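The values are calculated or read from the model by the stated rules, or taken from the named source; none is laboratory data. The structure displayed is predicted, hence computed values, not measured ones. Every residue, glycine as well, gets a Cβ built from its backbone with ideal geometry; the counts of neighbours run over all protein chains shown. Note: accessible area is taken over every heavy atom of the protein model, side chains too, but ligands, DNA and RNA are not part of it. Shrake-Rupley method; radii C 1.70, N 1.55, O 1.52, S 1.80 Å.
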Amino acid sequence: MLTHFIENASSFGQDIDSLFSLITILAGFWFILAELILFYFIFRFRRKKEEPAKYVTGEKKSEMKWIKIPHHLILVCDVAIVIGAIFVWVKVKQDTPPIDEEIRVIGQQWAWSFVQPGPDGLLDTADDISTVDKLHIKVDTTYRFHLESVDVVHSFSVPVFRLKQDAVPGRTISGWFKATKEGEFDIQCAEMCGLGHGVMAARIFIQSEEKHNEWMTASASRTNSTQLLATTPSQKNKTKQKQNG
Amino acid sequence: MANLSSSEALSHSDSGHDTHHEKMSFWSKYVFSTDHKVIGMQYLFTGMFMALIGGFMVYAFRMQLAFPGEAVPGFGNVSAGAYNALVTNHGTIMIFWVAMPVLIAALGNFLIPLMIGCDDMVFPKINRLSYQIFLLSALVLIASFFVPGGPFGGAWTAYPPLSAQAKFNLTPLGAPMWVIAVALEFVAFLLGGINFITTTMNARAKGMKMYDIPIIVWMIVIASILFMASVGPLMAGAIMLLFDQTLSTNFFNPEYGGDPVLWQHLFWFFGHPEVYVVLLPAMGIVAEVITVFARKKLFAYKTVLYTTFATGVISFFVWAHHQFISGIDPRMANVFTITTLLISVPIAEMLFVYIATLYGGSIQFKTPMLFALAFLAEFLIGGVTGIHLGASGTDIYFHDTYFVLAHFHYTFVPIAIIAVFAAIYYWFPKMFGRMMNEFWGKVHFWGTVIPFNFIFIPLFMLGMAGQHRRIYNYNHFPDLATPELQNLRIIATVALVIMLLFQIPFLVNFFVSMFKGKKAEANPWKANTLEWTAPSPPPHGNFKVFPEVYRPPYEYSVPGRKEDYWPQDSKD
Amino acid sequence: MSSQVPIATGRSSTGIPTGKLAVWWVIASEIVIFGGLIACYLLYRFRFDHWSGFAGKTDTLAGAFNTLVLLTSSLFVVLAHQAAQRKDTKDAFKYLWLTIGGGFIFLIVKAYEYTSKILHGYTFTTDNFWSFYYTATGLHGFHVVAGMVIMAIISFDVRKGNNLHRVENIGIYWHFVDLVWIFLFPLLYIAK
């Protein structure tokens, strides 16, 4: 249902969309049922001279069942939703598939910096490629990202990936994604971060391996011409907490 | 107790309050009064005034979203900083200075002594102090709009380090003033809450047992207890945040070992029960209104109480569903998903009980009833969309999108706007001794409820399209700057302006009826609860003879009786 | 008219006097405030080992002495309550002021502690431990002062024989203030 509003470009996006559909169908069933009964009662029991109101306490067993049965049915639906939710959550946030590439994502007032390994394939070496507000990645490649913040709480959100994670100053929070579609999409900051929160926009460029490598060679030749806006907090912070294993 | 009430009646008639009353000056009668009804009205009018400010703010920033960059008539250009300040203070005002004072303080003050059959709150001076602190808090917040650096703009959740350090939020005065205002408001409601709880526990009319207390009184008392139990840690947190802002401590500063996420825990440990703090009184209003206008006994009174208790208890164990993606241990999300979905059970049950109450009724569509029914119909939407957000898996996507925004407005607007209007139309005759105009009431009803849906259904769609909150201009995001999405934003804004315009007939109706309306009798709706046995409006001291209670509050259409209602205080 | 006590105040559906009931609810709301602060302190305490070094720098002897002072003042307030019960207004007045005196000694010792800590360079912003130390003891001290002021106001009323039941209410509050200290003392002074 969600793809009607926004396309999906990640490996786990489909799971989140399915969970959305499951909840919408279950909750929607109860919603429509309740509204239909509500409006039927409103119409059926409108004031008529010849028909006085009934006296129903709702405390007899035969009356309570109208509350008790839906109560148990809702509980069953809740269990189904909880199972679905935990399944998706564990897949996206707790488990990590085999990683192909690592990148560092740094939020600061009010820009996103991205650090990825240069031709040597290793992060935190001299040939790292740093970019600001532009993230270039390969399609069908599993990335582990390390999210940091220099100043306040930001949130790294890629709607087409259905991916979101807060960047908390003083911590490095890791996660993963795998793009399944080529294209160019929005990255938003999803946590109020001050005056420029509304302009903290970035773009993600998902390209095939060849095109990505072309971009990488071109960027590597301009080594260090794009400076990071600030030092990586992980380098200077002593009190960092590892998250997500 | 028996001796007490007869001596009460004596001492009361002796005091001759009616003659006394007229001699009081304007100041002691309306400004420094300790009368619970006057204090209730003070809260109501302050809340209405703050609602006008909050409403103007939403007009300004919705216009900016529909027509980005263009000057908003009556406001001017909305810059990024102004936009942040507007959304922050809109949220703060609507929750802390509109929903809380009107639903808890105004209704609690006005109704509790009347509905339990006594002359005032047990601590009238503390009650007056509570209002004065509340007024001070509102003035501090309003003053913060005009200080150098501007008002605080770091969202109503005020996450540090943004809120804690002026170098990040750029509002060196606005941010501490915001915290002081909120903390003062908490103090006011703690004092008020103690009054509500002790009054209901101790000052009930003779014969009023636990299950004879009207649902709305129960709801306000339970809400006050929830508030009291949840606000403490945030009170401590507010002190710490204020010290961080003004004395440069480092409680929430990660550079010196502080933990910004700790504030989020403190905030949401309060923030989630707070939803129920305002929801419960609204549910109480609806219980009173639908029973009267359907002439029906409330379906399963005790079930309503038990579900309320269950909701109250579970509400303390769901807070981290606001923080699924905030960097907490991901395993915690699973626990909080379970508790969050569990809370859907008692709330759904409560709504079913209300719908079941309508069964077999004789429904009369007066304005208060229309608003109460609209509450049920609309709140259901807010309820079912909450499940998408409580389920951790989908919250990864929906967190901080307009889906969240539309969801909680589908709960808060029915609570703080629709249910409050039901309450105002219903108790207006008791408050001011005159009736409100039915025709204009219905105009106001349709003009409020229909546009309301046209505001927030487009916002649901924008949320599903991945639009995030608190962004002043979506043209910076190519995926969101499409004409289709912009049209949705314009629809929402136009609907909002229409809804705001339809509040004018309400205000006119309200103030004209206050002075020129048809005189109301003591019990115009033929209701059972004790407030309707007092004259309209009740004099100082409320009752000529204190009522005694003989039966539960919702004995409507009892078989074998001539009348279809049976007041709680009538002997036969 | 507005100064007149409403009839509602005299009622007691629960059987507990309204004033006493209210004091218990005030204490309930205070417990969560102090509870929140102490919970925050503990969360940090378990995270930072170097805090035990700071905790060693607090003046355990002064803290222990203050504990004794508060416990003694709690005894006085009980005696004041007993005196009020037998309508001995003179004795009640005396014991209330002895309690206030206990509060004074507590504050003087506190002031000495603060001064010596600040002179040693442990100020409000030295480290989060000290921020918690000053905030928690300061908030507690504020409650001590508030209790003393209320007690002083009540004492003159009591001497005239009015509102004797208030002695018990302020006593309950004073015990609570005492109890908070019983929690703060081991957490900030003893545990290293």
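What to note about this one:
Conditions tested, residue by residue: (1) outside the structural domain of A:Ser174 (by TED's automatic domain parsing); (2) open to solvent by 30 Å² or more (accessible area, probe 1.4 Å); (3) of a type in the set (Asp, Glu).
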residue	(1), (2), (3)
A:Gln14	yes, yes, no
A:Tyr40	yes, yes, no
A:Arg46	yes, yes, no
A:Glu59	yes, yes, yes
A:Leu75	yes, yes, no
A:Val82	yes, no, no
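- Filtering B:Met208, B:Met219, B:Met228 for residues that are within 22 Å of the chain's Cα centre (by Cα), crowded, with 20+ Cβ neighbours inside 10 Å and at the interface with chain C (Cβ under 8 Å from one of its Cβ atoms) leaves a single hit, B:Met228.
- For B:Val278, the conditions (1) open to solvent by less than 10 Å² (accessible area, probe 1.4 Å); (2) within 26 Å of B:Trp566 (Cβ to Cβ); (3) assigned to a helix (DSSP H, G or I) all hold with the exception of (2).
- Single residue of the range A:56-80 satisfying the filter (closer than 16 Å to B:Leu351 by Cα and of a type outside the set (A, V, I, L, M, F, W, C)) that is nearest to the other protein chains (Cβ to nearest Cβ): A:Gly58
- Of all residues in the range C:163-188, those that are touching a residue at least 24 places away in the same chain (Cβ under 8 Å) have Cβ atoms under 6 Å from Cβ atoms of residues that are open to solvent by 10 Å² or more (accessible area, probe 1.4 Å) and basic (Lys, Arg), 6 or more apart or on another chain, in C:Asn169/C:Lys20.
- Against the conditions (1) without any contact (Cβ under 8 Å) to a residue 24 or more places away in the chain; (2) more than 25 Å from the chain's Cα centre (by Cα), B:Leu488 satisfies every one except (1).
- Subset of the range B:48-78 [within 14 Å of chain A (Cβ to nearest Cβ), touching a Phe, Trp or Tyr at 6+ places or on another chain (Cβ under 8 Å) and in a loop (DSSP other than H, G, I, E, B)]: B:Pro68, B:Val78
- Subset of the range A:91-106 [in contact with a Phe, Trp or Tyr (Cβ under 9 Å, 6 or more places away or on another chain), open to solvent by 40 Å² or more (accessible area, probe 1.4 Å) and facing chain B (nearest Cβ under 9 Å)]: A:Lys91
- Qualifying residue in the range B:381-390 (condition: open to solvent by 10 Å² or more (accessible area, probe 1.4 Å), more than 10 Å from chain A (Cβ to nearest Cβ) and free of Cβ contacts under 8 Å to residues at least 60 places away in the same chain): no
- Residue match in the range C:19-26 (condition: open to solvent by 40 Å² or more (accessible area, probe 1.4 Å) and either at positive phi or away from chain B (no Cβ under 14 Å) (or both)): no
- Only one of B:Ile112, B:Ile93 that is modelled with pLDDT of 95 or more and either surrounded by fewer than 19 Cβ atoms within 10 Å (Cβ to Cβ) or farther than 22 Å from C:Arg11 by Cα (or both): B:Ile93
- Condition check for C:Ala64: facing chain B (nearest Cβ under 7 Å) and either open to solvent by 40 Å² or more (accessible area, probe 1.4 Å) or within 29 Å of B:Val187 (Cα to Cα) (or both): no
- Residues that are touching a residue at least 12 places away in the same chain (Cβ under 8 Å), surrounded by fewer than 21 Cβ atoms within 10 Å (Cβ to Cβ) and within 13 Å of chain A (Cβ to nearest Cβ) within the range B:246-260 comprise just one, B:Asn253.
- Flag if C:Ser29 is in contact (Cβ under 8 Å) with a residue 12 or more places away in the chain, open to solvent by less than 40 Å² (accessible area, probe 1.4 Å) and of a type in the set (Ser, Thr, Tyr): no
- Odd one out for A:Val92 among (1) under 30 Å from B:Leu351 (Cα atoms); (2) part of a helix (DSSP H, G or I); (3) touching a helix residue (DSSP H, G or I) at 6+ places or on another chain (Cβ under 9 Å): (1)
- Which listed residue, of A:Val115, A:Val88, is in the same structural domain as A:Ile37 (by TED's automatic domain parsing), touching a residue at least 60 places away in the same chain (Cβ under 8 Å), β-branched (Val, Ile, Thr) and open to solvent by less than 60 Å² (accessible area, probe 1.4 Å): A:Val88
- Scanning the range A:33-47 for any residue that is over 15 Å from the mean Cα position of the chain (by Cα), without any contact (Cβ under 8 Å) to a residue 40 or more places away in the chain, facing chain B (nearest Cβ under 7 Å) and closer than 19 Å to B:Gly463 by Cβ turns up nothing.
- Odd one out for B:Gly153, checked against (1) open to solvent by less than 30 Å² (accessible area, probe 1.4 Å); (2) among the small types (Gly, Ala, Ser); (3) on the phi > 0 side of the Ramachandran plot: (3)
- The residues of the range B:401-457 that are among the polar types (S, T, N, Q) and surrounded by fewer than 24 Cβ atoms within 10 Å (Cβ to Cβ), listed by number, are B:Thr411, B:Asn437, B:Thr448, B:Asn453.
- Selected residue [in the same structural domain as A:Ala201 (by TED's automatic domain parsing) and farther than 29 Å from B:Ala391 by Cα] from A:Leu147, A:Leu123: A:Leu123
- Subset of the range A:157-214 that is of a type in the set (D, E, K, R) and assigned to a loop (DSSP other than H, G, I, E, B) - its residue that is nearest to the other protein chains (Cβ to nearest Cβ): A:Arg162
- Sub-8 Å Cβ pairs linking a first residue in the range B:309-336 that is within 13 Å of chain A (Cβ to nearest Cβ) to a second residue that is of a type in the set (Asp, Glu) and assigned to a helix (DSSP H, G or I), at least 6 apart or interchain, are B:His321/B:Asp395; B:Phe324/B:Asp395; B:Ile325/B:Asp395, ordered by first then second residue.
- Those residues of the range B:462-485 which are in contact (Cβ under 8 Å) with a residue 12 or more places away in the chain, in a helix (DSSP H, G or I) and buried (at least 16 other Cβ atoms within 10 Å of the Cβ), in sequence order: B:Leu462, B:Gly463, B:Met464, B:Tyr474, B:Asp479, B:Leu480, B:Leu485
- Just one of the listed residues (B:Val558, B:Val545, B:Val508, B:Val512) is within 14 Å of chain A (Cβ to nearest Cβ) and among the hydrophobic types (A, V, I, L, M, F, W, C), and it is B:Val558.
- Test result for A:Ala53, in contact with a Gly (Cβ under 7 Å, 6 or more places away or on another chain), crowded, with 16+ Cβ neighbours inside 10 Å and at the interface with another protein chain (Cβ under 7 Å from one of its Cβ atoms): yes
- Residue check, B:Leu496 crowded, with 19+ Cβ neighbours inside 10 Å, in contact (Cβ under 8 Å) with a residue 60 or more places away in the chain and closer than 30 Å to A:Lys49 by Cα: no
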